[in-house]
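First comes the structure, then the notes that go with it.
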Amino acid sequence: MNKKIIAGIMAVTMCAAAAFTVTGCGGGKGSGHEFTVLAVKEETVKDYNDMQVFKDIAKETGKDVYWTFNTSTQYSNNTDPVGIKGIDAIYHSGFSNLKLNDYGKRKRIVAIDEYLDSMPNFKKILEDRPDIREALKSPDGHIYSLPRVEEMGLKTYPNILFLNKKWVEKLIDNGNMPEGVNITKEQLVDGLDISRNEFKAILQKFKDNNMDDSIADNDEVPLAFVSDNWQGNESDFIASFGLPENRQHKTLVNGKITFTVEDEKWFNAIKEMNDWYNKGLIRTAAFDQDQDTFLAKGQDGRYGAFYWWEKNTVVSKDKRDDYIVVKPLKDDDGNRYVGPSNELEVEKSACVILGTCKDKAGLLSYFDKFFEPDYSAQINYGSISAGAFLPEKNADGMLVPNDDHGAQSADDFRMQNAAYGVVYLTEEVFEKNVVMESRAKLRKEILAEHVIPYTYPGAEPIPNLNYTESELKILSQYEATLGKNIKSYMTNAIIGASVPSKSDWQKMISNNRNSIDKIKKTNQDAYDRYVATIGKTN
C-alpha cells in the first residue's frame, strides 16, 4: 500500500474556489482529442499520457484520450469540479455519497448503469458480485461512479506494532532491562509476546537512555504513530484495553453498530495514554504530524517502536532487520484485542463521467478495459515496460511483479509509475492472473499469524452500505462534527498536563449524544437493509 499516493491522490475532498478550464489545470490543452479526462495527480507521478498502459488501452479501444491534471490541492480548491470546461470525466474524483447523489440527480454526471451494453467487463462484475452492485448504488438505484476494487484482506488491519530489537538487545547486554521483564535475545523474533505494562517499561528505558549512541540527547522516540491516520494510528493500543477500536471509533459487533467512545474502557485507554505522554513515551508529533513526516523521521532508526502498515516504508533498508513484529499487547488479564477498521476494499468514486460528454458510451467502453486483469495490475502498480512486472508471464500465465527496483523503494517506484484509480483486483484475480507482491504476501502472513487471531469477538468491518437520501443528509450533518469533537477531546486529554477526569469524558459523550445516536441508528438501519438485500447471515 503506497505511503503517499493514498494521502495525496486518493484522499480528495471538496472545498472552496471557482471553476476553471482545462487549460488552467496544470495539464496543457486537450484540444484535438476525442476525450479529455481530468486526473487528480501529484507532480511526482508520471504523466498519464506517457504511461504505456494507457497507450495500450487507447490503441486497443481506438479511443483518443488526453489526460490533464490537478494536484489534490488545486482540485480541493474547486467547489464545482464537474463545471470545469473542456473535460469529459474526472479520475480520482473523490466525491462523497451525498455528492454523487446530488450530481447524479441533476444529470451533471452520468448514470453508468444505463450504458452497461458498452461495458461487458463491468456488466459481468455487477452480475457476478451483487455485493459490489449494491455498494455502488445511489439512493435512486443508479450507479454514478466507477469503482476501485482491490481485495487482498489487508485494509481491515492497517496497524502492526514493530519494536526495535537492537535497542532491546543493548538493554539486555548492559543488564539494564526493566525489573520483571524477562526477555531473552532468542525471543526477539517476529511475534514477540509481551504485555502492555512490559512494553511500557521497555519504552521507559528507551526514553531514559541514549539508545542510538548519538551526540544529540533525547532524539529517540520511544513510541511513534500518526494519530487518526488511516494506517499506523493508535487504535490497536486503545483496543488493548478490551475494545473493538478503529479510527472512526465505530464498529459492527454481532450485527450491531457500536461506538467505542461510550465505553469506560475507552476512557481508561485515553487516561493511560496521558500517562505515557507525560512520561515522554509518546511525543506531541504523534498528534500533529502528517504521515510523510512520520516516515521521513523514521528512516534512521530513531523509533523505539511504531505502529504502521509495514516496516519497510518506515526505516531504511539497512535498519529493517533491527525491528520485529510484536503481537497485540496483552492486558492485565492476559487478553489481547484488535479492532477491525472500516477501510473498504470496494471504493466508490474512482471515476465519474460528466453529463456534458458527447460520447458517453464511447468513453465508458474505454474505461471498461481498466477492469481487465492485466490492465488493472499495470494501473495499480505500473506498466510492464516501466519495470513494474517481469517481461514474461510465469508458467501459469500470470503477471509476476518485479520486486527489485535497485536503490529505489517499492513505494517510491509505485508512487511515480502507478495511476491507481479504476482497477479490479480480487482474490480470484490474484489466484489466476496476477501474482501478489512479495511484501503483500508477507504482510498477509504476519496478520494471519500475529494479528487477526486477536480480533475482538464478534467484531467486523462495517460493509459498503447503501443509504437513502435522507440518511446521507443525516450523516453529512453529524459525522464530520462528531469526528472533530472526539478527536479534539482525545488529543487534548492525552497531551494535557493533568490526568483526564471521568467527568470531562462523560461531558463529551453527553454533548455529542444526539450525534452518536443519530449516526448509530442511520448505520444500523442501512446495515439491516444490507443484510436483507445481500442475504448475509450473522
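The values are calculated or read from the model by the stated rules, or taken from the named source; none is laboratory data. What you see is a predicted model; the values in this text were computed from it and never measured. Ideal geometry is used to build each Cβ from the backbone, glycine not excepted, and the neighbour counts take in all protein chains shown. Side chains are part of the model used for accessible areas, which takes the heavy atoms of the whole protein and leaves out ligands, DNA and RNA. Shrake-Rupley method; radii C 1.70, N 1.55, O 1.52, S 1.80 Å.
Numbers for the structure displayed
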{"item": "Cβ-based charge dipole, the range 132-290, positive-most Cα from Thr258, Leu281, Val168", "result": "Thr258"}
{"item": "Most to least packed among 496-503, 364-371 [average Cβ atoms within 10 Å]", "result": "364-371, 496-503"}
{"item": "Highest to lowest packing among 349-356, 60-67, 271-278, 234-241, scored as the average C-beta count within 10 Å", "result": "234-241, 349-356, 271-278, 60-67"}
{"item": "Restraint check, Lys137/Lys369; Lys487/Lys507; Lys85/Lys105; Lys311/Lys487; Lys123/Lys473, Cα-Cα greater than 23 Å", "result": "Lys311/Lys487; Lys123/Lys473"}
{"item": "Gyration tensor (alpha-carbon) shape descriptor, the range 335-374, a/c threshold 1.5", "result": "oblate"}
{"item": "For peptides 244-251, 189-196, 112-119, sequence by mean Cβ density within 10 Å, most packed first", "result": "244-251, 112-119, 189-196"}
{"item": "Shape category assigned to the range 473-521 from the gyration tensor of Cα positions, a/c cut at 1.5", "result": "oblate"}
{"item": "Rounded if a/c under 1.5, otherwise prolate or oblate - the range 163-261, Cα gyration tensor axes", "result": "prolate"}
{"item": "Largest-first principal axis extents, alpha carbons of the chain, Å", "result": "73, 54, 45"}
{"item": "For the range 117-191, radius of gyration divided by Kirkwood radius, i.e. Rg to Rh on alpha-carbons", "result": "1.44"}
{"item": "Among beta bridges that DSSP assigns inside the chain, antiparallel share in %, nearest 5", "result": "55 percent"}
{"item": "Paramagnetic reach from Glu114 (point 7 Å along Cα→Cβ, amide N under 20 Å) across the range 355-395", "result": "355-368"}
{"item": "Computed [θ] at 222 nm, helices only, for the chain once each DSSP H run of length n ≥ 4 contributes -39500 (n - 2.57)", "result": "-10500 deg cm²/dmol"}
{"item": "Mean Cα-pair separation over length for the range 276-372, i.e. relative contact order, pairs under 8 Å, 6 or more apart, %", "result": "13 percent"}
{"item": "Linear extension gain, Leu442 paired with Lys507, 0.36 nm per residue minus alpha-carbon span", "result": "19.0 nm"}
{"item": "Accessible surface, per residue, of the chain when the full set of protein chains is kept, probe 1.4 Å, Å²", "result": "41 Å²"}
{"item": "Simple spin-label estimate for Lys124 and Asp208 in nanometres, 7 Å along Cα-Cβ", "result": "6.5 nm"}
{"item": "Within the range 406-531: Cβ-based charge dipole about Cα centre, in debye rounded to nearest 20 (Lys, Arg +1; Asp, Glu -1)", "result": "540 debye"}
{"item": "Cβ-derived FRET efficiency at R0 60 Å, His33 paired with Ala395, nearest 0.05", "result": "0.90"}
{"item": "Estimated D of the range 68-158 in µm² per second, where Rh is the Kirkwood radius over Cα pairs and Stokes-Einstein applies at 37 °C, 0.692 mPa s", "result": "220 µm²/s"}
{"item": "Student exercise, the chain dipole from Lys, Arg, Asp, Glu Cβ charges, in Debye to nearest 20", "result": "1380 debye"}
{"item": "Solvent-accessible area, 1.4 Å probe, carbon plus sulfur percent, for the chain", "result": "46 percent"}
